[in-house]
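Here's the structure we're looking at; comments come further down.
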Amino acid sequence: MDTKANDPSRREFMKHTAVVGAGLVFSTSINLFAKEQTMNSNTLSRGYAAFDTSGKLKPWKFERRAVGDNDILIEIKFASICHSDIHQMKGHWGPQQYPQVPGHEIAGVVKEVGKNVTKFKVGDRAGVGCMVNSNPECESFKAGQEQYCPDTVFTYGYPEKSSPTGISQGGYSTNIVVNDHFAVHIPEHISFQEAAPLLCAGITTYSPLMKFNLKKGDKVGVAGIGGLGHMAIKLAVSKGAEVYAFTTSADKVDDILKFGAKEAIVVDDVKKLYAFGPKLDYMISTIPYKHNIAAYIAAVKPFGTFTYVGMPDQFEIMMSNIGLAASRVNFNASLIGGMPETQEVVNYCADNKVLPQIQVIKAEQINEAWENVVNKKARYRYVIDAATF
């Protein structure tokens, strides 16, 4: 998730590099695959990239950096689609540099390791989520909360000096080169395609649920039942919570109940939220659009907790301060999770069979899948077979 999209320094960087970077990419792309390696031993890759704010992706051949001393090269097997991919590629979170390859839910096999790497060996199953590099001296890094470091490089669209394209490039591709600290082990008892969504949808919902100190019997609300929301339901249920799901899609009710929720509330009128009453101990909202947050907060008990993990256009939210004050609810937002916690959720979901509901697609179906995500037709995470790039 691109939390720096509106930062002035980032905008200046984008303006400065957009033309230069694009020119460099296009001037070298013609002969990119004519040889096995380029003179600088960069890693050759192919995938699907956005070239403008249209939201239409096209095949693209490009280079990643050579494997460094602390890097691993992962051959991607599956990469899943997150709504964040769509927001960022369409410029909803600020100006972008193109071409840009999205994707931060990545699972595959280690094909090469740098000389300093001890965490992985060739042949290991590995996953990459929303981050690919940062400063080890950062206090948040040392605390296992790397997502809060100012120097953290997120998986796509972030300035990255080591990248031949000038920015980090994501997982809708055949491979990725990443600092080994930012990869997790994928257990043998979970498939690549089911593991991939855990690297964002899983950790983004697991982290705040765990920080709430969720316990058996707690009444938990989940607002927005898509890729993140359906995982939030499954995770909360697995921890013994009594889950109430709030959706604007009536055709998801049966699925919601199968996921283990006690009740599905179809929000076709905000009055239903106020009528529901303040009876939840906790609510997590994954809704990625601007909406009336106060109405959802009203469903939480006084002194309960409401966490918003959805990232709407321009990161802007609408809220009634008097509504918040009257409810006396503890309101907060959460950004993915650190690397130790990401490994934790992958292991937990594998061990307890808390798995995403997925639809495997080919690369040529990406644009159609994006439209379905926007139109709330995804059920519930599209996962791309990287062999089709």
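The values are calculated or read from the model by the stated rules, or taken from the named source; none is laboratory data. Nothing here was measured: the structure is a model prediction, and the numbers come from that model. Neighbour counts run over all protein chains shown; Cβ positions are idealised from the backbone, glycine included. Note: areas computed on protein heavy atoms with side chains; ligands, DNA, RNA excluded. Shrake-Rupley method; radii C 1.70, N 1.55, O 1.52, S 1.80 Å.
Straight-distance candidates among the lysines for linking to Lys252, with alpha-carbon spacing under 19 Å and chain neighbours fewer than 8 residues away dropped: Lys234, Lys262, Lys272, Lys376, Lys377.
Annotation: lysines with alpha-carbon distance below 22 angstrom to Lys115 (same-chain offsets under eight excluded): Lys161.
Add +1 for every Lys or Arg and -1 for every Asp or Glu among the other residues with Cβ under 15 Å from the Cβ of Gly337, and state the total.
Net charge in that neighbourhood comes out at -3.
What is the gain in length, in nm to one decimal, between Asp52 and Ser238 on full extension, counting 0.36 nm per residue of separation less the C-alpha to C-alpha distance? Numbers along the way, then the final one.
Working: separation 186, 0.36 × 186 = 66.96 nm, distance 4.11 nm.
My answer for the length gained is 62.8 nm.
A dipole drawn for the chain from +1 and -1 charges on Cβ atoms has a positive end, and of Val184, Gly103, Leu257 the residue lying farthest that way is Leu257.
Given Cα pairs under 8 Å that are at least 6 residues apart, what percent is the relative contact order of the stretch 49-139? Before the final figure, lay out each step's value.
Details: 143 pairs, mean separation 29.0, N = 91.
Worked out over the stretch 49-139, it gives 32 percent.
Treating only the Cβ of Lys, Arg, Asp and Glu as charged (+1, +1, -1, -1), what charge dipole size does the chain show about its Cα centre? Round to the nearest 20 debye. Let's see the in-between values first.
Numbers: 41 positive and 39 negative charges, 106 e Å.
Roughly 520 debye, rounded to the nearest 20.
A straight Cα-to-Cα reach below 20 Å connects Lys111 with the aspartates and glutamates Glu36, Glu63, Asp69, Asp71, Glu75, Asp124, Asp180, Glu188, Asp385, residues fewer than 8 places away in its own chain not being considered. Comparing Cα centroids, the stretch 279-299 and the stretch 149-227 end up 23 angstrom apart.
Can you give me the accessible area per residue for the stretch 162-286, using a 1.4 Å probe, in Å²?
Working: 4050 Å² over 125 residues.
Heavy-atom SASA per residue in the stretch 162-286 reads 32 Å².
Just list whichever of Lys219/Lys362; Lys119/Lys216; Lys56/Lys77; Lys56/Lys211; Lys58/Lys119; Lys77/Lys353 have alpha carbons separated by over 30 Å in the model shown. Lys219/Lys362; Lys119/Lys216; Lys56/Lys211; Lys58/Lys119, as the Cα separations exceed 30 Å there. To put it simply, the accessible area of the chain at a 1.4 Å probe is 52 percent carbon and sulfur.
Taking the stretch 348-389 and a reference point 7 angstrom along Cα→Cβ of Met210, the backbone N atoms nearer than 14 Å belong to 348-352.
Applying 0.36 nm per residue to the separation of Thr388 and Lys272 and subtracting their alpha-carbon distance, the gain on full extension is 37.3 nm. Packing order of peptides 58-71, 147-160, 220-233, highest average first: 220-233, 147-160, 58-71 (average count of other Cβ atoms within 10 Å over each peptide's residues). Beta bridges per DSSP, both residues in the chain: antiparallel share near 55 percent.
In percent, what relative contact order does the chain have, based on Cα pairs under 8 Å that are 6 or more apart in sequence? The normalised contact order for the chain reaches 17 percent. Between Leu257 and Ser162, the contour length at 0.36 nm per residue exceeds the alpha carbon distance by 29.5 nm.
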